[in-house]
Amino acid sequence: MLKNLKIGTKFNLLLMLVFLVSIFISGAALSSVLQQRAQSEVTNKALVLIQTMNSIRTYTQNRINPLLSERLETEAAFIAEAIPSYSATEVFENLRKNDEYKNLLYKEATLNPTNLRDKADNFEAKIVERFRNDAKLQELSGFRDLPQGKVFYIARPLAIKDPKCLRCHSTPDQAPKSQLATYGSDNGFGWKLNEIVTSQIISVPSADIFDSAQKTWSLIMGIVIAVFAVILLLINFLIKKSVIQRIRKIEKIAQRVSTGDMDTNFDEDSQDEIGGLAAAFNRMKSSLEIAMKLLNQESQ
C-alpha cells in the first residue's frame, strides 16, 4: 500500500507519526513533572503549617500554660486555652477562614484523647501505630478517602516530651479538678513520657492539588501542539517547494524526452542533490542524442 503513495503523502504520514509520538511522550512527561511539582508545593506548604502549629504548641506550653495552670484547680470549667493541642487546633480553624486555606484540614489524631474531637479514626490510629512501631519514621504521606472526597495527607508523630504534660494525662487523681469536671476521668489518661500518642495530620483535597497542574498542562500542551502544527505545516511547505515540485518538474521533462522531445533541458541551477540529478539527466539526454545520431548514420 505504501509503495503506491506519493513521496509527499509518505512524508506527511511520517511527520504526522513523529508529531503524535512527540505529543504523547512530551504530554506524559509534562503531566508527571507538573503533578510532582504540585504535590511538592502542597507538601512544602503543609510542612510550613505543621511547623507553625508546633510553634504555637511550644508557645502555649511555655508561656500560656504557666499563667493559667493555677486557675485550672479553681475554675469550674477547664481552661482549654492552656493546652497546646487545643491552641494549635483553634488557630488553624481561624486560619481556615481565609479562602486560601479553607480546604485544608488539621487534626492532632490521638489514640486516647481528653477531648474526643481529637479521637483518631481507624485510618489515623494505624498511622499512630506505625509511628510507634518505627521510631525512625518521622513522616507519612499519601491519599485517603473522606466524606468530602479523596484527600492528600501528611502526618508527623507527636510524643510526650515535657513531663508537665503528664499532669493532665497520667492518672485522674493528678489531673486538675476543672479538667475532670469538664471532660471526666475516662479519657486522656495513662500517657507516658516519650510515648507517641498523637499524629499531626494535615489533609488537602486532591482536586486542589492537581487542578492547577491540569490547567497548566492544558495550556502548555495547547501551545506545544500549536507550535508543532506550525512547524509541521512549515516543513511540509518547504519540502513541497524545494523537493517535490522540483522532482515533479524533472519527471515531466523526462517524460517529454522519453517521447522524443530533445529540445527540452533539465534546468536546475541548484548545486544540491536534485540539481545533481538534473545535471545527470542532461548528460544522459546528451548521450542519448549522440547515440540516436550514430544509429541514424549507420542506418543511412
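So the values come out like this:
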{"item": "Lone qualifier among Val91, Val204 - being of a type outside the set (Phe, Trp, Tyr), within 26 Å of Val42 (Cα to Cα) and in contact (Cβ under 8 Å) with a residue 60 or more places away in the chain", "result": "Val204"}
{"item": "Test set (1) in contact (Cβ under 8 Å) with a residue 40 or more places away in the chain; (2) among the aromatic types (Phe, Trp, Tyr); (3) more than 30 Å from Ser185 (Cβ to Cβ) - Phe24 fails condition number", "result": "(1)"}
{"item": "Residue among Ile64, Ile79, Ile56, Ile83 that is surrounded by fewer than 20 Cβ atoms within 10 Å (Cβ to Cβ), in contact (Cβ under 8 Å) with a residue 24 or more places away in the chain and within 17 Å of Asp162 (Cα to Cα)", "result": "Ile56"}
{"item": "Subset of the stretch 91-102 (residues that are at pLDDT 85 or above, assigned to a helix (DSSP H, G or I) and surrounded by 14 or more Cβ atoms within 10 Å (Cβ to Cβ))", "result": "Val91, Phe92, Leu95"}
{"item": "Given (1) without any contact (Cβ under 8 Å) to a residue 60 or more places away in the chain; (2) surrounded by 19 or more Cβ atoms within 10 Å (Cβ to Cβ); (3) closer than 20 Å to Met53 by Cβ, number of the condition Ala175 does not satisfy", "result": "(3)"}
{"item": "Any hit, the stretch 73-81, residues being closer than 22 Å to Leu49 by Cα and either out of contact with any strand residue (DSSP E or B) (no Cβ under 9 Å at 6 or more places or on another chain) or at pLDDT 90 or above (or both)", "result": "yes"}
{"item": "Test: residue in the stretch 153-172 that is polar (S, T, N, Q), out of contact with any Leu (no Cβ under 9 Å at 6 or more places or on another chain), surrounded by fewer than 16 Cβ atoms within 10 Å (Cβ to Cβ) and under 19 Å from Arg57 (Cα atoms)", "result": "no"}
{"item": "Meets criteria (of a type in the set (Val, Ile, Thr) and more than 25 Å from Gln61 (Cα to Cα)) for Val197", "result": "no"}
{"item": "Restricting the stretch 103-127 to residues that are touching a strand residue (DSSP E or B) at 6+ places or on another chain (Cβ under 8 Å) and among the hydrophobic types (A, V, I, L, M, F, W, C), the residue that is surrounded by the fewest Cβ atoms within 10 Å (Cβ to Cβ)", "result": "Phe123"}
{"item": "Filter result for Ala135 (surrounded by fewer than 20 Cβ atoms within 10 Å (Cβ to Cβ), modelled with pLDDT under 90 and either closer than 29 Å to Gln39 by Cβ or among the acidic types (Asp, Glu) (or both))", "result": "yes"}
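The values are calculated or read from the model by the stated rules, or taken from the named source; none is laboratory data. All values derive from a computational prediction rather than experimental measurement. Using ideal geometry, Cβ is built from the backbone for each residue, glycine included, and neighbour counts are taken over all protein chains shown.
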